[in-house]
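These notes are about the structure you will find just below.
The values are calculated or read from the model by the stated rules, or taken from the named source; none is laboratory data. As the structure is a computational prediction, the values presented were derived from the model and not from experiment. Positions of Cβ are backbone-derived with ideal geometry, glycine not excepted, and every protein chain shown enters the neighbour counts.
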Amino acid sequence: MLEVRNLNAAYGQTRVLEGVDLTVAAGEFVVVIGPNGHGKTTLLRTISGLVPTTAGEITFDGERIDGERPERIAMRGLVHIPQGDLPFVDMTVEENLVLGAFPADAWRIRAERLERVYGIFPLLADRRSNRARTLSGGERRMLALGRGLMREAKLLMIDEPSLGLAPVIVNEVYQHIEQIVATGITLLLVEENFSHVQTFDARVLLLESGRVVREGLVGDLLADEIVMATYLGT
Amino acid sequence: MSAFLQAVVSGLVTGSIYAVMTVGMTLIYGTLRTLNMTQGSMVMIGGYVAWMVFDGLGWGPILGGVAAAVVGFAFGVAIQQAAIRPLIGRRGVDFEMTAFISTFAVAIVLSNVALRIYGARSKAVPPVIHGRLHLLEGISVSWHSLVMAGIAVGTLLALGGFLSKTRYGLAISAVAQQLDAARLMGIPAQRVYNLTMGVSSALAAIAGVLLASVFFVSPNAGDLPLLKALIVAIFGGLGSVRGTILAAYIIGLAEALVSLYFGVKWSLPLLFLSIMIVMLVRPTGLLGKPEEARL
């Protein structure tokens, strides 16, 4: 579904990604783990076209997408739930969700989709006419997830769903992610903390200083003492 | 007392037209983050459209408004493509300032083109309907003003519905509030910019039709409206649609009352004075919002 080869990206003179290779097969669940400031968010933003590539290739669903505008890439069926949620703060929860169904085919069935998202996140249904700026951090995260589920994704990318949330809320968010994983969707997830994903049956890439330094199934990495010492402190 | 009420009625009529004229400026500031200096030119162009269709074709005000809206929309899209788009995302370029200057340049070109085509002599546009409606003893309003206010309010309501209910209307607010998130949802930024410039210019052109019979239509007929629109937009809090409409009515009323009690010549100076005070007390304007929250 997604094939990234020798991807390089930079902010001005600062190189952030230095030759990342990554593939996500249809139906696969891939997690990118790495410390903050090592390029995880940039990787997702480069894939979705918000950050230009300086070298390398990105192929999505069989076609090259590097250099395309983000809105074109989104229309191909790539859903990116960004870091910081980026809600439309002065719009209501419902307006935020409805905008998630912007592509014409999703727009036609937005009422149906809305019901489904409200089914998954009853909390959003309660707050549907509240402005997004009045939501708590946890509610904003649910809104961002819900907005991402408003249209059909060939690939769903979620950027650090635990960021900035209290542990109790993080658990709640991950329960929702389990539900999403259970639908069999193709999922690329970025997370700083290995412990959130260790119960999943996923393939993991470790990203350090803009490079993939290790790759393996969750079980393999759990068995690796050095990795565990670095990422779980055990 | 009746003079006061008379001034209130005419202030409300003027306010409605100011709102139509300025709300586009707000939409553009919200989405593109620049002041569109061609807003006044569109009022001028709307005036010429009114003159041509009323005088030449004998159309009524509603058809005239529609014609002006279509012409204004086309101009708006063309200006966005030619004078704004090339400046977006340039490295090391202050977009807000360069786009402000570039639209100002377009405004100067447009008024000179109008001068070339139509000449310097002002065109009088007759009121579309004669007679007055007597509301109370001593208070009356011309039917013409009522029709104009009706069209203005109808236009604002239609705009409100468009922005809050339709797919592309919501997309305008989305782009204004969170550009990255909007693009990640597939909302095409350039198309939204075109649409915003088109709609805003169409609104200003409609205001031009409404103002045409109050002021004479001339190549610089847009200068004063541009100035007023800037005052209203800044007073309302740049980027806030509700604030703009509220500010338009306040300024319309203030102007009418100042003209009544102090004379017409004081209306602009007092307007500037009050805007200076507002800026000192509340730099973000009436309903101004923080940077991340627009429209």
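In segment A:209-219, what residues are more than 24 Å from A:Phe60 (Cα to Cα), in contact (Cβ under 8 Å) with a residue 12 or more places away in the chain and surrounded by fewer than 15 Cβ atoms within 10 Å (Cβ to Cβ)? Lay out the reasoning, then the answer.
Taking segment A:209-219 first, the residues more than 24 Å from A:Phe60 (Cα to Cα) are A:209, A:218-219.
Of the ones still in play, those that are also in contact (Cβ under 8 Å) with a residue 12 or more places away in the chain are A:209, A:218.
A:Ser209 - this is the single residue of segment A:209-219 that is more than 24 Å from A:Phe60 (Cα to Cα), in contact (Cβ under 8 Å) with a residue 12 or more places away in the chain and surrounded by fewer than 15 Cβ atoms within 10 Å (Cβ to Cβ).
Picking from A:Ala74, A:Ala106, which residue would you name as being of a type in the set (Gly, Ala, Ser) and surrounded by 23 or more Cβ atoms within 10 Å (Cβ to Cβ)? Can you show your working first?
Details: A:Ala106 fails: surrounded by 23 or more Cβ atoms within 10 Å (Cβ to Cβ).
Step by step, each of A:Ala74, A:Ala106 is checked, and only A:Ala74 is of a type in the set (Gly, Ala, Ser) and surrounded by 23 or more Cβ atoms within 10 Å (Cβ to Cβ).
Restricting attention to segment A:193-208, which residues are of a type in the set (D, E, K, R) and either over 10 Å from A:Val31 (Cβ atoms) or free of Cβ contacts under 8 Å to residues at least 40 places away in the same chain (or both)? So that I can check it myself, show each step before the final result.
Filtering segment A:193-208 for residues of a type in the set (D, E, K, R) gives A:201, A:203, A:208.
Matches in segment A:193-208: A:Asp201, A:Glu208.
Which of the residues spanning segment B:229-284 are under 24 Å from B:Met42 (Cα atoms) and outside any helix (DSSP H, G or I)?
B:Gly237, B:Leu238, B:Gly239, B:Ser240 - these are the residues of segment B:229-284 that are under 24 Å from B:Met42 (Cα atoms) and outside any helix (DSSP H, G or I).
Which of (1) of a type in the set (A, V, I, L, M); (2) part of a helix (DSSP H, G or I); (3) in contact (Cβ under 8 Å) with a residue 12 or more places away in the chain is the odd one out, the single condition B:Val66 does not satisfy?
Tallying (1) of a type in the set (A, V, I, L, M); (2) part of a helix (DSSP H, G or I); (3) in contact (Cβ under 8 Å) with a residue 12 or more places away in the chain, B:Val66 fails exactly one: (3).
Suppose we filter B:Gly150, B:Gly160 for residues that are farther than 18 Å from B:Gly24 by Cα, within 17 Å of the chain's Cα centre (by Cα) and part of a helix (DSSP H, G or I); which single one remains?
B:Gly150
Just to be sure, is A:Arg140 in the same structural domain as A:Thr41 (by TED's automatic domain parsing) and either part of a helix (DSSP H, G or I) or surrounded by fewer than 21 Cβ atoms within 10 Å (Cβ to Cβ) (or both)?
Considered against the rule, which asks whether it is in the same structural domain as A:Thr41 (by TED's automatic domain parsing) and either part of a helix (DSSP H, G or I) or surrounded by fewer than 21 Cβ atoms within 10 Å (Cβ to Cβ) (or both), A:Arg140 comes out as no.
Whether any residue in segment B:177-197 is touching a residue at least 40 places away in the same chain (Cβ under 8 Å), among the β-branched types (Val, Ile, Thr), in a helix (DSSP H, G or I) and within 14 Å of chain A (Cβ to nearest Cβ) is what I want to check.
Looking through segment B:177-197, at least one residue is touching a residue at least 40 places away in the same chain (Cβ under 8 Å), among the β-branched types (Val, Ile, Thr), in a helix (DSSP H, G or I) and within 14 Å of chain A (Cβ to nearest Cβ).
Among B:Ser200, B:Ser140, which is the only one that is in a helix (DSSP H, G or I), in contact (Cβ under 8 Å) with a residue 60 or more places away in the chain and more than 14 Å from every other protein chain (Cβ to nearest Cβ)?
Of the residues listed, the single one that is in a helix (DSSP H, G or I), in contact (Cβ under 8 Å) with a residue 60 or more places away in the chain and more than 14 Å from every other protein chain (Cβ to nearest Cβ) is B:Ser200.
Go over the candidates A:Arg108, A:Arg131 one by one and state the one that is under 28 Å from A:Ala26 (Cβ atoms), out of contact with any Phe, Trp or Tyr (no Cβ under 8 Å at 6 or more places or on another chain) and either modelled with pLDDT under 95 or not assigned by TED's automatic domain parsing to the domain that holds A:Ser162 (or both). It would help to see each step written out before you state the result.
On the way: A:Arg131 fails: under 28 Å from A:Ala26 (Cβ atoms).
Answer to the selection: A:Arg108.
Specify which of the listed residues (A:Leu124, A:Leu149) is in contact (Cβ under 8 Å) with a residue 40 or more places away in the chain and crowded, with 21+ Cβ neighbours inside 10 Å.
Values: A:Leu124 fails: in contact (Cβ under 8 Å) with a residue 40 or more places away in the chain.
Selected residue: A:Leu149, the only one of A:Leu124, A:Leu149 that is in contact (Cβ under 8 Å) with a residue 40 or more places away in the chain and crowded, with 21+ Cβ neighbours inside 10 Å.
So, in segment A:57-72, of the ones that are farther than 14 Å from A:Met157 by Cβ and touching a strand residue (DSSP E or B) at 6+ places or on another chain (Cβ under 6 Å), which residue ends up nearest to the other protein chains (Cβ to nearest Cβ)?
Filtering segment A:57-72 for residues that are farther than 14 Å from A:Met157 by Cβ and touching a strand residue (DSSP E or B) at 6+ places or on another chain (Cβ under 6 Å), the one nearest to the other protein chains (Cβ to nearest Cβ) comes out as A:Asp66.
Of all residues in segment B:115-133, which are in contact (Cβ under 8 Å) with a residue 12 or more places away in the chain, hydrophobic (A, V, I, L, M, F, W, C) and touching a helix residue (DSSP H, G or I) at 6+ places or on another chain (Cβ under 9 Å)?
Once the filter is applied, which keeps residues that are in contact (Cβ under 8 Å) with a residue 12 or more places away in the chain, hydrophobic (A, V, I, L, M, F, W, C) and touching a helix residue (DSSP H, G or I) at 6+ places or on another chain (Cβ under 9 Å), segment B:115-133 yields B:Ala124, B:Val125, B:Val128, B:Ile129, B:Leu133.
Report the residue count in segment A:144-157 for those that are out of contact with any helix residue (DSSP H, G or I) (no Cβ under 7 Å at 6 or more places or on another chain) and aliphatic (A, V, I, L, M). Full working, then the answer.
Just the residues of segment A:144-157 that are out of contact with any helix residue (DSSP H, G or I) (no Cβ under 7 Å at 6 or more places or on another chain), to begin with: A:144, A:148, A:153-155.
Next, from what is left, pick out any that are aliphatic (A, V, I, L, M): A:144, A:153, A:155.
Summing the residues that are out of contact with any helix residue (DSSP H, G or I) (no Cβ under 7 Å at 6 or more places or on another chain) and aliphatic (A, V, I, L, M) in segment A:144-157 gives 3.
Would you tally the residues in segment A:15-56 being more than 15 Å from A:Glu3 (Cα to Cα), of a type in the set (A, V, I, L, M) and within 14 Å of chain B (Cβ to nearest Cβ)?
The number of residues fulfilling the criteria is 2.
For (1) β-branched (Val, Ile, Thr); (2) under 25 Å from B:Ala50 (Cα atoms); (3) more than 14 Å from every other protein chain (Cβ to nearest Cβ), each residue gets a yes or a no:
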{"residue": "B:Ala212", "(1), (2), (3)": "no, yes, yes"}
{"residue": "B:Lys228", "(1), (2), (3)": "no, yes, yes"}
{"residue": "B:Gly237", "(1), (2), (3)": "no, no, no"}
{"residue": "B:Ala247", "(1), (2), (3)": "no, no, yes"}
{"residue": "B:Gly252", "(1), (2), (3)": "no, yes, yes"}
{"residue": "B:Leu270", "(1), (2), (3)": "no, no, yes"}
{"residue": "B:Pro283", "(1), (2), (3)": "no, no, yes"}
{"residue": "B:Leu286", "(1), (2), (3)": "no, no, yes"}
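Just the residues that are of a type in the set (Val, Ile, Thr) and in contact with a strand residue (DSSP E or B) (Cβ under 9 Å, 6 or more places away or on another chain), please, taken from segment A:178-225. So that I can check it myself, show each step before the final result.
Here is the first cut: in segment A:178-225, the residues of a type in the set (Val, Ile, Thr) are A:180-181, A:183, A:185-186, A:190, A:197, A:199, A:204, A:212-213, A:218.
If the condition is that a residue be of a type in the set (Val, Ile, Thr) and in contact with a strand residue (DSSP E or B) (Cβ under 9 Å, 6 or more places away or on another chain), then A:Ile180, A:Val181, A:Ile185, A:Thr186, A:Val190, A:Val197, A:Val204, A:Val212, A:Val213, A:Val218 are the ones that fit.
Applying the selection to segment A:153-198, what residues are of a type in the set (D, E, K, R) and touching a Pro at 6+ places or on another chain (Cβ under 9 Å)? Full working, then the answer.
Of all residues in segment A:153-198, those of a type in the set (D, E, K, R) come to A:154, A:159-160, A:172, A:178, A:191-192.
Answer for segment A:153-198, where residues must be of a type in the set (D, E, K, R) and touching a Pro at 6+ places or on another chain (Cβ under 9 Å): A:Asp159, A:Glu191, A:Glu192.
Return only the number of the condition from (1) away from every other protein chain (no Cβ under 12 Å); (2) in contact (Cβ under 8 Å) with a residue 12 or more places away in the chain; (3) of a type in the set (Gly, Ala, Ser); (4) farther than 18 Å from A:Asp159 by Cα that A:Ala101 does not satisfy.
(1)
Within segment A:134-147, identify whether any single residue is at the interface with chain B (Cβ under 9 Å from one of its Cβ atoms) and modelled with pLDDT of 95 or more, and answer yes or no. Working first, answer last.
Going through segment A:134-147, the residues at the interface with chain B (Cβ under 9 Å from one of its Cβ atoms) turn out to be A:144, A:147.
Checking the rest, the ones that are also modelled with pLDDT of 95 or more come to A:144, A:147.
For segment A:134-147, residues at the interface with chain B (Cβ under 9 Å from one of its Cβ atoms) and modelled with pLDDT of 95 or more: present.
Could you tell me whether segment B:89-100 includes any residue that is of a type in the set (S, T, N, Q), touching a helix residue (DSSP H, G or I) at 6+ places or on another chain (Cβ under 7 Å) and farther than 20 Å from B:Thr196 by Cβ? Please lay out each step first, then the result.
Here is the first cut: in segment B:89-100, the residues of a type in the set (S, T, N, Q) are B:98.
Still in the list and also touching a helix residue (DSSP H, G or I) at 6+ places or on another chain (Cβ under 7 Å): B:98.
Now narrow it down to the ones that are farther than 20 Å from B:Thr196 by Cβ: none.
Within segment B:89-100, none of the residues are of a type in the set (S, T, N, Q), touching a helix residue (DSSP H, G or I) at 6+ places or on another chain (Cβ under 7 Å) and farther than 20 Å from B:Thr196 by Cβ.
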